[in-house]
Amino acid sequence: MELNSIGLEVEKAKELNSKLNVLLSSFQVYYQNLRGVHWNIRGRRFFDLHMKFEELYTDANEKVDMIAERILTLGGKPLHTFEDYMSISKLPVGKNISVDVEAIKLIVNSLKELLVIERDLLELSDDANDEGTNSLMSDFIAEQEKTIWMMNAWLEE
C-alpha cells in the first residue's frame, strides 16, 4: 500500500479529494448565493438580513479556503473555475431572490445539501484514518446544524 506525504493511503486520499472538490464546488455556489441575497434582499427586515447574509458569506468564504487547503494537504488540486464548480456542485443556484422567506429557505436547503456531502466525507475520512478531514467536517457539520436550527426558528414566526 502506497502512502502519501502525510501517511494516508494514496487511493483513499484521491477519493477524499474528489469528494472534497464536490464540497468546494458546492460551497462556491453557496457563497455566491449568499452574496446574491445579501445584495438583493428587500423589505422591512433588510437591515437585519443584510448583515446576517454578510456574516454567512464571510464564513463561507473562509470555509472555501479551508477546503481547498485540505485538498492540497492531501496531495490533490482544488478546482478553481466556475465551469468546474457548476459541473459538480450539488446546490441549486438562487437567482434574483429578494424576498426574505425565499432567501432563508434557499440557505436552509443549501445547508442541508452541504451536510449530506460533509457526512459522506466524514465517513470516508474515518475509513481512511484521516483525522484532519474528519475534524474539519465535524466542525462544519456542528456549525451548519446550528445555523439550520436558527433559520428554521426564524421561519416559524
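Annotation: extensible slack from Lys146 through Lys95 equals 15.8 nm (criterion: 0.36 nm per residue apart, minus Cα-Cα distance).
If packing is taken as the average number of other Cβ atoms within 10 Å across a peptide's residues, how do 33-41, 82-90, 49-57 rank, most packed first?
Values: 33-41: 19.4, 82-90: 14.4, 49-57: 17.0.
Ranking the peptides 33-41, 82-90, 49-57 by packing returns 33-41, 49-57, 82-90.
Taken about its Cα centre, the chain carries a charge dipole of about 760 debye when Lys and Arg each add +1 at the Cβ and Asp and Glu each add -1 at the Cβ.
Between the labelled values (i) 124, 25, 15; (ii) 57, 37, 24; (iii) 60, 30, 19, the entry that holds Cα extents along the principal axes in Å as derived from this structure is (iii). Restriction of the GluC sites (Glu not before Pro) in region 1-39 to DSSP coil positions whose beta-carbon has at most 10 other beta-carbons within 10 angstrom yields Glu2.
Where a number appears in this text, it was derived from the coordinates with a stated rule and is not lab data. Remember, it's a predicted structure, so these values are computed and weren't measured experimentally. We place every Cβ from the backbone using ideal geometry, glycine too, and count neighbours over all the protein chains shown.
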